[in-house]
Amino acid sequence: MKRVLNFSAGPSKLPLEVLKIAQEQLLDFNGNGLSIMEGSHRVSMFEDVHNETIELIKKIYKVPDNFKILFVQGGASMQFAMIPLNLAKNKKVEFVDTGIWSSKAIKEANIQGLDVKIVASSKQSNYDHIPNEIHFSDDCDYGYITSNNTIYGTQYKSFPKCKNLVIDASSDVLSYEIDWKNVGLLYAGAQKNAGLAGVTLVIIREDLLSIADEKVPSMLKYINYANSNSMFNTPPVFSIYMLNLVLKWIEKQGGILQIQKINEQKAKLLYNIIDESDGFFVGHSKKDSRSLMNVSFTIKGGDEILEKKFVSEAIKHDMIGLKGHRLLGGIRASIYNAISLNEVQSLCEFMQKFNKEHS
Ligand code: PMP
């Protein structure tokens, strides 16, 4: 069996242990004589997994009791529309624009004809940092941020204050402990740190559940998910099952704090190589905004031929997924939870060798 070093931005690497359990259980889940994908979602075979997954999230992520955990389909992108539909009671919403994913969320709020204010933005400098001064108004329905910017490789080090802070944590969910004090809603598509595409995790404070107007379609109302334990219709059973396995894997690693510690070590290794390369590698993000999840950088001032060569040479060393996002170019190494310190070490060695051969 060949397994490559997978630095893809998402979908991305899953822990090998998780894949092996899924493989083992694929044809016969726990002696039931069928796969979890093949059974009804209304029988205990699945319901137990479903409920355990919710409990695991609460425990591992230390989610306070006044929050509900919901599983929604439609990806993170559907939340761009669902959030304003559900939470914009007074039609006054505020955003920080830190990249393409924030911009898409802003666009959806604008489609709904809301009073949309961008309170801070790093667009002027091609989204190379998280703005310092962020002030949300006291009377806005919610203030919206993207905690980690997958393309540009920037990440908040602490969250701005807002009575109802909404966080798109699609690319850094379950990678550090959250201070839930200000949070109204945190959501994430699962396909980076939490398993497979198909399920979006929505963690919402209970008082925000029932704001939605009657005219909001049923499938787009959070309250319907909350009242039905996220079984308003058939849930994405296999994605929830995989999320369950990933959560147990996180527990086995020692929990979120331990994961966070390793993530910090991984990122430090990689950023050190960039910083000590004498300008051969240049990180896109300003230092104080650097992401622990996505490391975006250029080679020799954005030499596209050399960057192409870097990507193809990396593939020869069984390292894939390193081509930067088409909007930014350059190189991007995504080092989500499932990527080990050793794998990052291998990438660092490759980068040093490449630098030596081409500078
Ligand atoms: N938000 C962020 C921060 C993302 O990185 C992505 C996808 N890469 C999305 C939203 C959109 O996710 P989806 O494809 O699940 O709609």
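The values are calculated or read from the model by the stated rules, or taken from the named source; none is laboratory data. As the structure is a prediction and not an experimental result, all values here were calculated from the model. Virtual Cβ from ideal backbone geometry, glycine too; neighbours counted across all protein chains shown. When the accessible area is computed, the model is the full protein with side chains, heavy atoms only, and any ligands, DNA or RNA have been set aside. Shrake-Rupley method; radii C 1.70, N 1.55, O 1.52, S 1.80 Å.
In this structure LYS91 has an accessible area near 110 Å², from a 1.4 Å probe over the protein heavy atoms. The spacing between segment 289-359 and segment 206-264, judged by their C-alpha centroids, is 32 Å.
With a 1.4 Å probe and all protein chains left in place, how much of the accessible area of segment 144-193 comes from carbon and sulfur atoms, in whole percent?
51
Given a 1.4 Å probe and heavy atoms of the protein chains only, how would you sort ASP128, ASP138, largest accessible area at the top? The partial results should precede the final answer.
Details: ASP128 25, ASP138 135 Å².
I get ASP138, ASP128, largest accessible area first.
Largest GNM mean-square fluctuation among GLU133, GLU313, GLU108, using the chain with Cα springs under 10 Å: GLU133. Cross-link partners for LYS20 among the aspartates and glutamates, with Cα-Cα distance under 16 Å and sequence neighbours closer than 8 places in the same chain left out: ASP28.
If you count, for each residue, the other Cβ atoms within 10 Å and average over each peptide, how do 82-90, 26-34, 164-172, 328-336 line up from highest to lowest? The partial results should precede the final answer.
On the way: 82-90: 20.9, 26-34: 11.7, 164-172: 25.2, 328-336: 22.7.
Put in order of decreasing packing, that is 164-172, 328-336, 82-90, 26-34.
Per-residue counts of other Cβ atoms within 10 Å, averaged by peptide: what ranking do you get for 231-242, 271-282, highest first? Could you put the intermediate results ahead of the total?
Details: 231-242: 19.1, 271-282: 16.0.
Ranking the peptides 231-242, 271-282 by packing returns 231-242, 271-282.
Looking at the chain, the DSSP beta bridges with both ends there are about 55 percent antiparallel. For a straight C-alpha distance cut-off of 18 angstrom, the lysines reachable from LYS268 (same-chain residues fewer than eight places away being disregarded) are LYS157, LYS286, LYS287. Please report the net charge: other residues with Cβ closer than 10 Å to the Cβ of MET319, K and R +1, D and E -1. That sum, taken over residues with Cβ under 10 Å, equals -2. A Cβ-based charge dipole, computed about the Cα centre of the chain with Lys and Arg at +1 and Asp and Glu at -1, lands at about 440 debye.
Going by a ≥ b ≥ c, the root eigenvalues of the Cα gyration tensor, does the chain fall in the rounded group (a/c under 1.5), the prolate group (a/b larger than b/c) or the oblate group? Oblate. The phi torsions of segment 287-295, fed into the Karplus equation with coefficients 6.51, -1.76 and 1.60 and a -60° offset, translate into couplings of 4, 6, 10, 4, 7, 7, 10, 10, 10 Hz, rounded to whole numbers, with Gly and Pro shown as x.
Looking at the chain, do any whole DSSP H helices span at least 20 angstrom along their long axis by alpha carbon and average -1.0 or above on Kyte-Doolittle, and which?
Qualifying helices, which must be both long enough and hydrophobic enough, are 44-60, 237-253, 256-275, 341-358.
Once the Cα-Cα distance is subtracted from the 0.36 nm per residue extended length, the ASP115 to LEU257 segment shows a gain of 47.3 nm. Just the protein heavy atoms count here, and of the accessible area of segment 230-359 at 1.4 Å, carbon and sulfur take up 51 percent. The residue list TYR127, GLY198, ASN227 was ranked by how far each Cα lies along the charge dipole of segment 126-265 toward its positive end, using unit charges on Cβ atoms, and GLY198 comes out on top. With protein chains left intact and a 1.4 Å probe, residues in segment 48-174 average 40 Å² of accessible area per residue. Using R0 = 41 Å, the C-beta based FRET efficiency linking ASP213 and LYS286 works out to 0.50. Kindly identify segment 47-152 as rounded, prolate or oblate by the Cα gyration tensor criterion: order the square roots of the eigenvalues as a ≥ b ≥ c, call it rounded if a/c is under 1.5, otherwise compare a/b with b/c, prolate if a/b is larger, else oblate. Taking the square roots of the gyration eigenvalues as a ≥ b ≥ c, segment 47-152 is prolate.
What is the sum of charges around PHE136, taking Lys and Arg as +1, Asp and Glu as -1, for the other residues whose C-beta is under 13 Å from the C-beta of PHE136? Before the final figure, lay out each step's value.
Working: positive: LYS92, LYS117, LYS161, LYS163; negative: GLU94, GLU133, ASP138, ASP139, ASP141.
Here the charged neighbours net out to -1.
Once the other residues with Cβ under 14 Å from the Cβ of ILE178 are scored (Lys, Arg +1; Asp, Glu -1), what is the net sum?
Working: positive: LYS58, LYS59, LYS62, LYS157, LYS181, ARG205; negative: ASP168, ASP172, GLU177, ASP179.
Surrounding charge for ILE178 is +2.
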